[in-house]
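A short write-up of the structure that comes next.
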Amino acid sequence: MTPPKRQRRQRVEPPPSPAPPQPAQQEGEGKQPERLYIITGAEGDRAKLDLVTLIVARADPPSSATPEQTSVLRMCVAPLSVAELSAYLQLPFSAMTALLTEMLAAELVHARAPIIRQQMPDRTLLEAVMHGLERL
């Protein structure tokens, strides 16, 4: 007795779905895409901020402040870097700089360079001070 022959299954492809109807474009549509982040306000020049630039709040949040601006003002009672603010608010750096530019223009925050630690003083200077203190 011989074994039965195996038959291959044929793939059945589903019929292509009809394309959804395209809405009719109005006169102003299609020219400029909508901005990705609405919280950044009007387009314009941005302040030259670095990731390590420190931001300090100058005032309490005004009643007209957006939720993001209010969060920044509450967090920046002590100096925070732009990178930290970006991480805490879960916003990309580009959106954060646009938001901070608006706040700098409204004088709600102050931006300053990071504090750089001074190099160690010269050893001879330390020895001179030590010897002067010993003589007292």
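Summary table
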quantity: Subset of region 105-124 that is open to solvent by 50 Å² or more (accessible area, probe 1.4 Å) and hydrophobic (A, V, I, L, M, F, W, C) - its residue that is modelled with the lowest pLDDT; calculated: Met120
quantity: Those residues of region 47-91 which are basic (Lys, Arg) and part of a loop (DSSP other than H, G, I, E, B), in sequence order; calculated: Lys48, Arg58
quantity: Number of the exception - Glu43 against (1) modelled with pLDDT under 90; (2) open to solvent by less than 50 Å² (accessible area, probe 1.4 Å); (3) not polar (S, T, N, Q); calculated: (2)
quantity: Ser94 vs. criteria open to solvent by 40 Å² or more (accessible area, probe 1.4 Å), among the small types (Gly, Ala, Ser), at pLDDT below 85 and not in a loop (DSSP other than H, G, I, E, B); calculated: yes
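The values are calculated or read from the model by the stated rules, or taken from the named source; none is laboratory data. For clarity, every value in this text was computed on a predicted model and none was experimentally measured. For the accessible areas, the whole protein counts, side chains as well, though only heavy atoms, and no ligand, DNA or RNA atoms are used. Shrake-Rupley method; radii C 1.70, N 1.55, O 1.52, S 1.80 Å.
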